[in-house]
Amino acid sequence: MAARRGLLIILSSPSGAGKSSLARAIREWDPTIQFSVSATTRPAREGEADGREYHFRSHDEFNAMVKNGEMLEYATVFENLYGTPISPVEAAISAGKDVLFDIDWQGGQQIRDSELGMDAVSVFLLPPSIEELQNRLQKRAQDDDETIKRRMQKSSAEISHWAEYDYVLVNNDFDATLGQLCAILTAERQRRTRQLGLSELVRDLNTEFEARAAK
């Protein structure tokens, strides 16, 4: 039996605030953390492989998964569907494995509202300024100017959901932010409600006390 139930680590931010880089770094800090591989209807980018970065699915395939109750969460982002298959997530947390979600506020909300919500810890990442947010989008050179403009326009709506999260980190210094996230996960893993077998341990301790008193 696992010593504790696994965590569902929800990491969200506006595009360019650094959540993907932070997600990679936290898995280097603890390689046992599993990354939740989402399903998506968007085309694969150069260098991406099905089942590694994403499960690439057609709209019909994706909608069938939703209809059959196979998705923990899903949302439409820039005209494409993204979602999390539920079966591997349930298997991981039951085995005491933490699962990391690099998702937007819509997906995070659905997970928190689901039957697995009690296993979730949510972290929202803010940029130090809007100017810096735009600079980061431009420097990563993944999108054309029009897409960057759309992402910037959406950022205001995304940031408005910051108060729905358990923790909010301002990503001004990457190493410092990573250290804060590691501290959060270390503490959350020790919550009383996540540790299995504590009631039995306390019962055994009380039995020992009673046995000593009886001598």
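For the stretch 24-33, the criterion of a residue being of a type outside the set (Val, Ile, Thr), surrounded by fewer than 21 Cβ atoms within 10 Å (Cβ to Cβ), part of a strand (DSSP E or B) and at pLDDT 90 or above is satisfied by no position. Only one entry in 98, 104 is under 14 Å from residue 16 (Cβ atoms) and surrounded by 13 or more Cβ atoms within 10 Å (Cβ to Cβ), namely 104.
Only one entry of 137, 185, 181 meets the criterion of being touching a Ser or Thr at 6+ places or on another chain (Cβ under 8 Å) and surrounded by 15 or more Cβ atoms within 10 Å (Cβ to Cβ), and that entry is 137. Return the residues of the stretch 10-23 that are modelled with pLDDT under 90 and hydrophobic (A, V, I, L, M, F, W, C); say none if nothing qualifies. Answer for the stretch 10-23, where residues must be modelled with pLDDT under 90 and hydrophobic (A, V, I, L, M, F, W, C): just 17.
Checked against the criterion of being surrounded by 16 or more Cβ atoms within 10 Å (Cβ to Cβ) and under 17 Å from residue 108 (Cα atoms), the candidates 160, 155 yield just one match: 155.
The values are calculated or read from the model by the stated rules, or taken from the named source; none is laboratory data. None of the values given here were measured: they were computed from a predicted structure. Methodologically, a virtual Cβ is constructed for each residue, glycine included, from the backbone with ideal geometry; neighbour enumeration extends over all protein chains shown.
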